[in-house]
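Below is one structure; the comments refer to it alone.
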Amino acid sequence: MDNQVSQYQSLPGNMLYNNLISNIEQGQIKIPQFQRKFVWSIEETAGLIDSILKGYPIGTFIIWETNDRLRSVRNIGNFQFPDTPDGNTVQYVLDGQQRMTSLYVALRGAKLEDDNGQITDYSEIYVNLSAKSDDSLVLTDKTGYQDTQIIRFVDLLNGSLSLLLSKYNDYIDTIDAYRKAVQTYQFSKIDVKNAPIEVATEIFTRINIGGKPLTLFEIMAAKTYDEAKKFDLSEKYDALIENLSNVDYDTISSSTVLQAVSVCLVKECTRKSILNLEKQKFIDVWPRVESAFESAVDYLRSFYKIPVSQLLPYDALLVPFTYYFFHHKDIPAGLQQDLLQDYFWRCVLTSRFSSAAETKLTQDMKLIDKILNNEQPVYDVPIDTSVEFIRNHGYFSAGSAFIKGMLCLLAYQQPVSYQNNGIVHIANDWLKQANSKNYHHFFPKAYMRKAHPEVDDWLVNHIGNITIVDDFLNKRSIRDRAPSKYISEYMAQNPNLEKALNSHLISAASGWGVLEDDYQTFFQNRLNWFCEELNKRVIVTQADRTA
């Protein structure tokens with residue numbers, strides 16, 4: 001570890017005004033895109049200049065010098081910055097961005113427009129030539145001052161001799177002193193050299209301890225940016241999500257996409273392995289991974305009939321499925337289809353990715369390789385598809401992976417309205433919480449509290465009592481009425497009601513308890529049906545039977 005630390009050099013030094021400005025304008029100094037936006041007010045900028053004119057310290061710039069080309073700020077206001085010349089190292093600002101930007105916009109008299117369209121003119125920063133040494137030298141409001149007493153800061157530095165002599169003849173010596181104060185000011189800096197991006201971003205995070213830490217995606221977006229190849233990971237991800245939004249799969253996290261790229265390249269997706277991905281290989285493989293990712297989504301929507309991403313038990317399931325389609329362009333069929341389905345439901349039943357997901361995903365690439373070779377994987381953790389298991393794990397929580405799996409079983413049936421057998425619309429924004437308008441307790445909770453207080457709440461708020469319906473039925477038609485009441489009404493309206501109920505894994509047939517308001521009988525029958533559906537989808541092994 002000591003040897004690793006020693007190769008990173010932090011070298012203190014100083015930089016003069018002319019060097020600072022020329023390095024910025026020649027593309028040597030860059031502000032990485034992961035830095036927050038420039039937010040200093042013109043008054044804060046004036047305070048910074050006041051300190052410089054008085055020779056006060058203004059803090060140290062921390063500069064990361066590297067050969068890497070990251071996604072960086074391209075302009076400040078109306079000033080465009082060139083790319084760093086080929087063969088030159090780039091100096092990225094890790095700390096001091098607000099100060100450096102303030103100084104530059106003041107020196108150049110830039111006009112900046114904020115997100116609200118308000119323009120700040122930094123040429124309206126003035127130096128009070130008549131001020132005493134203990135007064136504020138720099139101001140932004142010239143009200144009450146004569147024009148010959150104040151000078152724009154940009155003119156103080158760059159004004160022509162004729163301008164200065166004609167207007168400020170009495171203050172030439174003062175102007176000269178202030179100009180020299182800026183030009184000879186020693187800007188303190190620390191150069192960090194030979195550090196990889198993960199170290200540089202860690203330095204940035206520690207410096208900005210009160211701020212928001214950089215995400216892995218922000219780091220990788222910076223690392224993989226390539227202007228010549230027009231590759232911007234942030235834009236690529238946004239475009240992917242926009243495409244997925246057309247099929248209601250737009251809640252997929254950026255970390256899931258990174259993991260998918262990583263397993264396709266190196267069969268691992270830990271943070272370290274993602275950070276170590278080679279930039280060029282990442283860029284080159286992106287189109288294939290993107291295509292495989294979209295194929296995985298299409299497959300989950302079509303074969304598993306999972307209509308929206310919010311119902312996925314884990315976003316992480318898209319990673320092994322993307323890996324599969326990366327290596328296998330066609331839709332799974334026969335044995336591979338069965339083995340993939342078995343894998344999917346084992347992940348649900350064993351809460352596979354509830355912890356240590358990165359490590360388990362890495363392990364699972366070996367399982368997917370076996371499936372690709374038409375071999376049945378051997379699983380370390382047995383599964384239980386019994387009614388008792390569903391009963392014990394079925395307390396309804398919309399965020400639970402197991403519950404989402406059971407909801408996937410319901411969605412697979414393509415549930416329809418009790419009223420008219422119209423398709424129930426399932427939407428991402430309706431599925432985020434347990435009180436969603438899509439979720440309905442077949443035996444309403446309010447009814448159960450009044451009519452059957454002896455039944456524990458957790459057995460009422462249970463997947464065995466949940467159906468997916470539309471808002472109208474849930475809130476306006478069913479409300480808190482007994483099933484015998486509202487189902488009898490639908491029987492009179494809808495000759496195909498039994499078919500509609502079957503699409504929810506429910507029956508009104510004799511022995512189901514629906515028309516008798518017999519919750520325990522209904523509950524047991526419903527769990528039995530869930531169990532049957534699960535067992536259609538898994539390949540039960542001897543290890544599962546003897547567990």
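Structure summary
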read-out	value
For residue 256: the one exception among (1) closer than 19 Å to residue 222 by Cβ; (2) in contact with a Leu (Cβ under 9 Å, 6 or more places away or on another chain); (3) among the polar types (S, T, N, Q)	(1)
Unmet criterion (only one of (1) touching a helix residue (DSSP H, G or I) at 6+ places or on another chain (Cβ under 8 Å); (2) of a type in the set (Asp, Glu); (3) in the same structural domain as residue 103 (by TED's automatic domain parsing)) for residue 191	(1)
Any chance residue 252 is under 19 Å from the mean Cα position of the chain (by Cα), assigned to a loop (DSSP other than H, G, I, E, B) and buried (at least 19 other Cβ atoms within 10 Å of the Cβ)	yes
Residues (aliphatic (A, V, I, L, M) and touching a residue at least 24 places away in the same chain (Cβ under 8 Å)) located in region 119-175	125, 127, 129, 137, 138, 139, 150, 151, 154, 156, 157, 175
Positions within region 161-220 being modelled with pLDDT of 85 or more, hydrophobic (A, V, I, L, M, F, W, C) and more than 47 Å from the chain's Cα centre (by Cα), in sequence order	164, 165, 172, 175, 177
Selection status of residue 226, of a type in the set (D, E, K, R) and outside the structural domain of residue 109 (by TED's automatic domain parsing)	yes
Filter pass, residue 354 being within 19 Å of residue 259 (Cα to Cα), hydroxyl-bearing (Ser, Thr, Tyr) and surrounded by fewer than 19 Cβ atoms within 10 Å (Cβ to Cβ)	yes
Leading residue by the ranking (nearest to the chain's Cα centre (by Cα)) among those in region 382-403 that are modelled with pLDDT under 95 and surrounded by fewer than 16 Cβ atoms within 10 Å (Cβ to Cβ)	399
Test: residue in region 282-296 that is part of a loop (DSSP other than H, G, I, E, B) and either at pLDDT below 95 or touching an Asp or Glu at 6+ places or on another chain (Cβ under 9 Å) (or both)	no
Region 502-525, residues that are out of contact with any strand residue (DSSP E or B) (no Cβ under 9 Å at 6 or more places or on another chain) and assigned to a helix (DSSP H, G or I)	502, 519, 520, 521, 522, 524, 525
Residue, surrounded by the most Cβ atoms within 10 Å (Cβ to Cβ), within region 404-426, restricted to residues that are assigned to a helix (DSSP H, G or I) and of a type outside the set (A, V, I, L, M)	405
Sole residue being surrounded by 16 or more Cβ atoms within 10 Å (Cβ to Cβ), at pLDDT 85 or above and either out of contact with any Lys or Arg (no Cβ under 9 Å at 6 or more places or on another chain) or not assigned by TED's automatic domain parsing to the domain that holds residue 226 (or both), chosen from 49, 76	49
Residue 326 being in contact (Cβ under 8 Å) with a residue 60 or more places away in the chain and not assigned by TED's automatic domain parsing to the domain that holds residue 33	yes
Of residues in region 146-160 being assigned to a loop (DSSP other than H, G, I, E, B) and surrounded by 15 or more Cβ atoms within 10 Å (Cβ to Cβ), the one nearest to the chain's Cα centre (by Cα)	159
In region 256-310, the residues that are surrounded by fewer than 19 Cβ atoms within 10 Å (Cβ to Cβ), aliphatic (A, V, I, L, M) and in contact with a Phe, Trp or Tyr (Cβ under 6 Å, 6 or more places away or on another chain)	283
Given (1) in a loop (DSSP other than H, G, I, E, B); (2) over 18 Å from residue 305 (Cα atoms), number of the condition residue 331 does not satisfy	(2)
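The values are calculated or read from the model by the stated rules, or taken from the named source; none is laboratory data. Keep in mind the model is a prediction, meaning the values are calculated, not measured. Glycine gets a Cβ as well: all are built from the backbone with ideal geometry, and neighbour counts include every protein chain shown.
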